[in-house]
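Here's the structure we're looking at; comments come further down.
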Amino acid sequence: MSKRPIRSIKGTQDILPDQSFRWQALESIIRDTMDKYNYHEIRTPAFENTALFLHSVGEETDIVSKEMYSWEDQGGENLTLKPELTAPVARSFIQNNLGGLNPINKLYYIDSLFRRERPQKGRYRQFHQFGIEAFGSEFPEIDVEVIALAMSTFKNLELNGLTLELNSIGSKDCRDNFRKAIKEYLKPNFDKLSETSQTRFNKNPLRILDTKSPDEKRLLKDGPKISDYWTSDDKNHFNEVCELLDKINIKFELSPNLVRGLDYYTRTTFEVTSNLLGAQNAICGGGRYDGLVEQLGGKPTPGIGFAAGMERLLLADQRNFEPTKSQIYIVGLGDSVRSLIVNLAEELRKNNFRTNFDVLRRSIKSQMRDANKLDAQYVIIIGEEELSKNIATIKDLSSGDQKEIPFESILNHIKSLPLK
RNA sequence: GUGGGUGUAGCUCAGCUGGUUAGAGCACCUGGUUGUGGCCCAGGAGGCCGUGGGUUCAAGUCCCAUCACUCACCCCA
């Protein structure tokens, strides 16, 4: 017998009834919005082959190199709890030949992710994201639809203080040329670069743009810009995205150094931040990944999507939620009425009244207090007296008025009440 | 992985420079009404003062270690 009770794992949390109704409200807004844009839900397994993430997210990203929950199972397979969802959805898209069934596939998910990071405000080891992936179109209209869907969801959540940042990191050719250029430019100063930037120099030079070091920022200021390496198609694509966003009144800021962390992104990248959070202020990140499906062994298929952190959305959500209250509370007194009360409660519930009764065999005073605490609107009292006269006493808790109702017409009487 | 902050009742916290049986508010239970809630009043239950060690006549209080939580760095949703 151990003395210490077992605790939940660091960075995981229980969502208790005092919060779960907020999650339900959030999920229902997400699903309603997805419906309007005609996106359909996809659910993928909690774990995948580790190789899926190595080959898509990128071996040199932080997610893959130090944050994945990976293990070898009893059959010798290398498995990983999913740390992000674009790769699993792309895997499913290929495996189920969704591209062959429809030229365009618009998918959404609400799911748990796992990353072994040090927890802090807005960051947990098991966390939740909702997001979408749209496969099949390379045109700016879908970029804009994806961004509009994200912003529309946040608007429906009545979030304030949001900023949308936008950039294009170009197509594959552009990235290849830019990669060469920035390496060329930084080479003479390689020794002055930070350790992480030196690693990135070799493995993923684009990410050096992400640097926080003031020295390196100054150095990069006069260096090559991604936009200088856009192909004319890249440039037209990005301009059209910007114009369409203007047209539908979505405000954005251009952010030339916004390089999404994962390897598979191409062209459009965007991020939404909130000024109501702490250091972890990104509530949504996304972008285009035109090479991903092919890279994972599928037919060449353009794609774009985003993921939004639900814990962070709830932190930024200032609305006051009211959990659902009870409507009817049945107070029972004495052994002889118990079966009657169970029966009546069931009948009321079948008629869609939110009904409660005491299951602790408590005194009338306790039951009344309980009814009050649960914010019940009406109390039905049935004791020996009522039983002998075949009536029930019905009390309006807000006014305190009460009246006697013949037993057989209780349901009709309840139906006639102004219940909220 | 690195750094800061915090651990006292279910919750929020008080406990002065070490000094008797460790406190408050809220929440909970019972009663004030032999069958009537809220407000009020009276009472009650509930604490290895995170854990281990040390200093001391004496530790919730000082020192060390450790664990947990939390914020931040890194990175990300």
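The values are calculated or read from the model by the stated rules, or taken from the named source; none is laboratory data. On a predicted model such as this, the values are computed, not experimentally measured, just so you know. All Cβ positions, glycine included, derive from the backbone under ideal geometry; neighbour counts span all protein chains shown. The protein model used for the area step is the full one, side chains on, heavy atoms only, and it has no ligands, DNA or RNA in it. Shrake-Rupley method; radii C 1.70, N 1.55, O 1.52, S 1.80 Å.
For the reader, a short list of remarks on this structure follows.
- Wholly within the range A:86-184, helices (runs of 4 or more DSSP H) carrying at least 3 residues that are touching a Gly at 6+ places or on another chain (Cβ under 9 Å): A:86-95, A:140-156
- The set of residues from the range A:311-342 being assigned to a helix (DSSP H, G or I) and under 41 Å from the mean Cα position of the chain (by Cα) comprises A:Glu311, A:Arg312, A:Leu313, A:Leu314, A:Leu315, A:Ala316, A:Val342.
- Index of the failed condition, A:Glu67 passing every other in (1) closer than 19 Å to A:Gly285 by Cα; (2) surrounded by fewer than 19 Cβ atoms within 10 Å (Cβ to Cβ); (3) in contact with a Gly (Cβ under 9 Å, 6 or more places away or on another chain): (3)
- Among residues of the range A:350-385 being assigned to a helix (DSSP H, G or I), open to solvent by 90 Å² or more (accessible area, probe 1.4 Å) and out of contact with any Gly (no Cβ under 9 Å at 6 or more places or on another chain), the one that is nearest to A:Ile414 (Cα to Cα) is A:Lys350.
- Subset of the range A:299-310 that is open to solvent by less than 50 Å² (accessible area, probe 1.4 Å) and not in a strand (DSSP E or B) - its residue that is nearest to RNA strand B (Cβ to nearest atom): A:Met310
- Of all residues in the range A:270-279, none are assigned by TED's automatic domain parsing to the domain that holds A:Asp62, touching a Ser or Thr at 6+ places or on another chain (Cβ under 7 Å) and away from RNA strand B (no atom under 11 Å from the Cβ).
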